[in-house]
Amino acid sequence: MFNKNQILTAFAKVKSGSDFPTLVQELKSIGVQNFDHIVKTGTDIFYGDNGFSLQINFPQPPIEISIHTSIEKLKTALKLHQSGETDYLTFCIQAGASGVNLWTCDLNSMTVIYEDLLRNIMVSENIPQI
């Protein structure tokens, strides 16, 4: 199974949202099947075979999650981040301001699902292939 060092090494290579497809491929290669990102705390929970999971608390200031969701704000933040115009923390702050509580990256179906505080799906998108 994968370990914390492997995950941190993969994430260290990411400079912007445009690097995300490469990160996904590296995570898949070490056995990650999906992961959840909790916006407020910066916590990621990675899942592998046979119920294996690993939680990593990435250092960040707490991010406020808006109770007023805005899919348009989220789509704008995604577009900026995926084009490399914002760093990861900025994207997380913008996602929280648009009402995103968490997102789930499914590396088998190659999708990311962004959910609000009530677990309503705000946006579901395909992860680009590299």
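Taken together, the values in this text are just the output of simple stated rules run on the coordinates, not laboratory data. Bear in mind that the values here come from a model prediction, so they are computed numbers and not experimental data. Note that each Cβ is placed from the backbone with ideal geometry, even for glycine, and that neighbours are counted across all protein chains shown.
Spin-label model, Q60/L117: points 7 Å from Cα along the beta carbon direction are separated by 1.8 nm.
A crude spin-label estimate for the pair D106 and A12, with each label 7 Å from Cα along the Cβ direction, gives 3.2 nm. Full extension of the chain between K75 and T41 gives 10.1 nm of extra length, using 0.36 nm per residue less the Cα-Cα distance.
Counting only the Cα atoms, the chain fills a convex hull of 97 Å³ per residue.
By the compact-protein rule of thumb, 2.2 N^0.38 Å, the alpha-carbon radius of gyration of the range 1-48 corresponds to a ratio of 1.09.
Per residue of the chain, what 222 nm ellipticity follows from adding -39500 (n - 2.57) for every DSSP H run with n ≥ 4, rounded to the nearest 500?
Numbers: 4 runs with 41 residues, N = 130.
That calculation yields -9500 deg cm²/dmol at 222 nm.
Using a simple spin-label model with pseudo-atoms 7 Å out from Cα toward Cβ, N126 and Q25 lie 1.7 nm apart. Annotation note: trypsin sites (Lys or Arg not before Pro) in the range 51-130 located in DSSP loop regions with a Cβ neighbour count of at most 14 within 10 Å are R119. Straight-line cross-link reach from K79 at under 28 Å between alpha-carbon atoms covers these lysines, not counting any fewer than eight positions away in the same chain: K13, K15, K28, K40.
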